[in-house]
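Have a look at the structure below before the remarks.
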Amino acid sequence: MIRACFEPPWAIRIEDRAPLTVMLMVRGGMWIMPDTGERVRLAPGDLSIARGPDFYTCADDPGTAPQALILPGQECRYPDGRSLNGSMDLGVRTWGDRLDGSAVMLIGTYPMQGEISGRLLDALPPLITLTSDVWQCPLTPLLLEEVVRDEPGQEVVLDRLLDLLVIAALRAWFSRPDAAAPAWYRALADPVVGRVLRLVQDDPAHPWTVASLAAKAGVSRAALARRFTDLVGEPPMSYLTGWRLALAADRLRTSGDTIAAIARQVGYGSAFALSSAFKRVYGISPQEHRTRVA
């Protein structure tokens, strides 16, 4: 996460293809202009989430020409291709053209998207906006204080605060009456199906069956199967398989554990069993997946 400070006229072109970027306006205002779709204006307290890989431009005014270009890996260049070479660095996690600029925003970027997060993010439009009149962010003071604190552990604290910010924003977004939330997200509010979803998500390695899940939920097997399928859109065991394989895909990317170890972690008895299921769903073996994402 960084703090960006600008004085008009300013404009930044974003082409980093990041799966998710959060922009929280602290002072002043800015326009976010996607290459496709409607542009939006942020005022103090407003928040936008841009879901990649679409390109967009942030500026004080729609007519301002970009002064910098953000590329994959957060590489910064001038529009003509020259490197910025840190010329816009203003201090600890602070970037822009003037430290006392009239426009100040907090920006957090997730450089990679996992299979689990994708289940939620894929339900989002390319750009969402929450204005300060429909949501209040209690994390802003904490973020502003921590982002300029040059102390050990700062990155860990900011990462967790950014996660909380995204969670709070998505909860507010999906709680809107016209929100197109994923079926499983809406089903979490159901007293029966929500309990089953949490059991599966919290302990995927457990040898769950429809019967054991139904017993935990206090309903019959037939009642659970019918209710789960109606609300989630697929049977309980199908959802469990998808959840386990998504977890495995993420752990293949983020950990150095062996395939056999990952298989045990997500509820498969052997590397062979995981590989068979993984290839059936993803079309490649777990090892091929790990090599590709590396």
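Tell me, what is the per residue accessible area of segment 19-106 in Å², probe radius 1.4 Å?
Working: 4050 Å² over 88 residues.
So segment 19-106 comes to 46 Å² accessible per residue, rounded to a whole number.
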**Prompt:** For segment 22-76, treating each Cα as an identical point scatterer without solvent, what Debye log10 I(q)/I(0) comes out at q = 0.13, 0.17, 0.21 1/Å?
**Reply:** -0.33, -0.57, -0.88
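From the gyration tensor of the Cα coordinates in segment 84-125, what semi-axes in whole Å does the equivalent ellipsoid have, largest first, with each one equal to sqrt(5λ)?
Working: eigenvalues 200, 34, 12 Å².
The equivalent ellipsoid of segment 84-125 has semi-axes of 32, 13, 8 Å.
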**Asked** For segment 1-151, what is the percent of antiparallel DSSP beta bridges, rounded to the nearest 5?
**Response** 85 percent
**Prompt:** Considering the chain as a Gaussian network with a 10 Å cut-off on Cα pairs, which listed residue, G114, G269, G28, attains the greatest mean-square fluctuation?
**Reply:** G269
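Kirkwood hydrodynamic radius for segment 1-116: how many Å is it when counted over pairs of different Cα atoms?
On the way: mean 1/r = 0.0703 Å⁻¹.
Taking every pair of different Cα atoms in segment 1-116, averaging 1/r and inverting gives 14.2 Å.
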**Request:** Report the Stokes-Einstein translational diffusion coefficient (µm² s⁻¹, integer) for segment 129-249, Rh taken as the Kirkwood radius over Cα pairs, at 20 °C with viscosity 1.002 mPa s.
**Result:** 126 µm²/s
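How large is the charge dipole for segment 1-108, taken about the Cα centre, if only the Cβ atoms of Lys, Arg (+1) and Asp, Glu (-1) carry charge, to the nearest 20 debye?
On the way: 11 positive and 14 negative charges, 42 e Å.
Here the size comes out at about 200 debye.
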**Message:** From the alpha carbon gyration tensor of segment 49-134, can you work out the equivalent ellipsoid semi-axes (sqrt of 5 times each eigenvalue) and give them in Å, largest to smallest?
**Reply:** 25, 18, 14
**Item:** Cα-only radius of gyration and Dmax that characterise segment 246-291, units Å
**Value:** 9.0, 23
**Asked** Once you have the alpha carbon radius of gyration of segment 206-294, what is it after dividing by 2.2 N^0.38 Å, with N set to its residue count?
**Response** 1.22
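Suppose every K and R has +1 on its Cβ and every D and E has -1 on its Cβ; what is the size of the dipole of segment 189-294 about the Cα centre, in Debye to the nearest 20?
On the way: 14 positive and 8 negative charges, 23 e Å.
Around 120 debye, computed over segment 189-294.
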**Message:** Could you identify which residue out of P126, P141, P182 has the top mean-square fluctuation in a GNM of the chain using Cα springs shorter than 10 Å?
**Reply:** P141
**Request:** Take segment 64-107, compute every pairwise Cα distance, and split them into 10 Å bins from 0; I just need the percent in each bin.
**Result:** 24, 56, 19
**Request:** Please identify every one of the chymotrypsin sites (Phe, Trp or Tyr not before Pro) in segment 154-220 that sits in a loop by DSSP and has no more than 16 other beta carbons within 10 Å of its own beta carbon.
**Result:** none
**Asked** Taking 0.36 nm per intervening residue step and subtracting the Cα-Cα distance, what contour gain separates A222 from D178 on full extension?
**Response** 12.7 nm
**Complete:** Given Cβ charges of +1 for Lys and Arg and -1 for Asp and Glu, the option among A50, G91, G37 whose Cα lies farthest towards the positive end of the dipole of segment 37-98 is G91
**Request:** Considering Cα pairs under 8 angstrom that are at least six residues apart, work out the relative contact order of segment 67-176 and quote it in whole percent.
**Result:** 19 percent
**Prompt:** Per the helix-only calculation at 222 nm, which mean residue ellipticity applies to the chain, given -39500 (n - 2.57) for every DSSP H run of n ≥ 4 and division by its residues, nearest 500 deg cm²/dmol?
**Reply:** -12000 deg cm²/dmol
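Could you tell me what percent of the DSSP beta bridges with both partners in the chain are antiparallel, to the nearest 5? Don't jump to the answer; show the numbers that get you there.
Values: 37 of 43 bridges.
The antiparallel proportion sits near 85 percent.
Can you tell me what percent of all Cα-Cα pairs in the chain are more than 31 Å apart?
40 percent
State the extension gain, in nm to one decimal, for the chain segment bounded by D80 and E151, taking 0.36 nm per residue of separation less the distance between their alpha-carbons.
Stretched fully, the D80-E151 segment lengthens by 21.9 nm.
Give me the net charge of S83's neighbourhood, meaning all other residues with Cβ under 13 Å from the Cβ of S83; Lys, Arg count +1, Asp, Glu -1. Don't jump to the answer; show the numbers that get you there.
On the way: positive: R77, R82; negative: E75, D80, D89.
Computed value for this residue: -1.
The values are calculated or read from the model by the stated rules, or taken from the named source; none is laboratory data. Note that the coordinates shown come from a computational prediction; the quantities given were computed from them, not determined experimentally. In this analysis, Cβ positions are derived from the backbone assuming ideal geometry, glycine residues included, and neighbour counts consider all displayed protein chains. Ligands, DNA and RNA are stripped out before the accessible areas are found, and what is left, the full protein with its side chains, is counted by its heavy atoms. Shrake-Rupley method; radii C 1.70, N 1.55, O 1.52, S 1.80 Å.
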